[in-house]
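K.L.:
The structure that follows is given in the form of structure tokens.
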Amino acid sequence: MPRMVDAAQRRQEVVDSVKRIVVADGLERVSLREVAAEAGLVVGSVRHYFASSTELLVFAFESVVDAVLERLRAAAGTAAPGTHDGVVAQLSQLLPLDEERAVDLCVWTEFKLAARTRPELEPTAERSHRAVAAAVGQMLSALRPALGAADLVIEAERLLATVEGLGLHAMLQGRWLDAQLCREVLAAQVRGAGKAGI
């Protein structure tokens, strides 16, 4: 009797193949045929789960966003809320500090850039930005409860820009901008968040 294939597991295998292709060669190489080859499947097997390359790309982007947001939520549950260390621990989930986060950040970045010109990816890019911005705002509210609404928005955007820029810089200059230096830069930014004159 043939073994039943778990649909969720097979979809995850396909998404993992998409991620490997994006990390190695960029988003433009992703097609049903390339993904099938990477996953060790025939194209028809991939088509069983995804009717088109567009559907596959949207699903892969959603999967990466969900994984990153889940790491943020998990860090919020274990980090000390309202402390510098807690905020650094949460924001570190958005940096390429280990292989899993480095892969997801690379793929997330490729998809977000592609969303500028590919309307089918724009809703997920928007959702990811809003969710991360809201999480950063919650972190800052707990860290600096006296911040007014306008200052909170400014500080949240500043921290988010720092994390995104630091993540991109670490991906491009990883030989010298290692995990420890990333954490130190991030910690310095968090310490200055919401302080007058910063």
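Condition check ((1) of a type in the set (S, T, Y); (2) under 17 Å from the mean Cα position of the chain (by Cα)) across all residues:
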| residue | (1), (2) |
| --- | --- |
| L97 | no, yes |
| R101 | no, yes |
| V107 | no, yes |
| A114 | no, yes |
| T117 | yes, no |
| E155 | no, no |
| A161 | no, yes |
| E164 | no, yes |
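K.L.:
With the requirement that a residue be among the β-branched types (V, I, T) and either surrounded by fewer than 19 Cβ atoms within 10 Å (Cβ to Cβ) or in contact (Cβ under 8 Å) with a residue 60 or more places away in the chain (or both), what does segment 49-76 give you?
P.N.:
Scanning segment 49-76 gives T54, V58, V65, V68.
K.L.:
Do you know which residues across segment 153-198 are touching a Leu at 6+ places or on another chain (Cβ under 8 Å), part of a helix (DSSP H, G or I) and touching a residue at least 40 places away in the same chain (Cβ under 8 Å)?
P.N.:
Across segment 153-198, the qualifying residues are L159, V163, E164, L166, G167, A170, M171, A179, C182, R183, L186, V190.
K.L.:
Another question, if that's okay. Can you tell me which residue is nearest to the chain's Cα centre (by Cα) among those in segment 35-48 that are closer than 25 Å to P123 by Cβ and surrounded by 17 or more Cβ atoms within 10 Å (Cβ to Cβ)?
P.N.:
This residue is V35.
K.L.:
Considering only residues that are of a type in the set (A, V, I, L, M) and touching a residue at least 40 places away in the same chain (Cβ under 8 Å), look in segment 81-104 and name the one that is surrounded by the most Cβ atoms within 10 Å (Cβ to Cβ).
P.N.:
Filtering segment 81-104 for residues that are of a type in the set (A, V, I, L, M) and touching a residue at least 40 places away in the same chain (Cβ under 8 Å), the one surrounded by the most Cβ atoms within 10 Å (Cβ to Cβ) comes out as V87.
K.L.:
Something else now. Could you tell me which of the residues V132, V107 is farther than 15 Å from V22 by Cβ, buried (at least 19 other Cβ atoms within 10 Å of the Cβ) and in contact (Cβ under 8 Å) with a residue 60 or more places away in the chain?
P.N.:
V132
K.L.:
Only one of these conditions is not met by R29: (1) modelled with pLDDT under 95; (2) under 19 Å from the mean Cα position of the chain (by Cα). Which number is it?
P.N.:
All conditions pass for R29, except number (2).
K.L.:
For segment 119-138, name all the residues that are farther than 16 Å from R71 by Cα, over 13 Å from the mean Cα position of the chain (by Cα) and of a type in the set (G, A, S).
P.N.:
Residue satisfying the conditions is G137 alone.
K.L.:
Please work out which residue is surrounded by the fewest Cβ atoms within 10 Å (Cβ to Cβ), limiting yourself to segment 135-152 and to residues that are in contact with a Leu (Cβ under 8 Å, 6 or more places away or on another chain) and in a helix (DSSP H, G or I).
P.N.:
In this case the residue turns out to be S141.
K.L.:
Further question on the same structure: Checking the conditions here, which among A60, A51, A74, A80 is part of a loop (DSSP other than H, G, I, E, B) and farther than 22 Å from A188 by Cα?
P.N.:
From the options A60, A51, A74, A80, the qualifying one is A51.
The values are calculated or read from the model by the stated rules, or taken from the named source; none is laboratory data. Computed from a predicted model, the values in this text were never measured in an experiment. Neighbour counts are summed over all protein chains in view; Cβ atoms, including those assigned to glycine, are modelled from backbone coordinates with ideal geometry.
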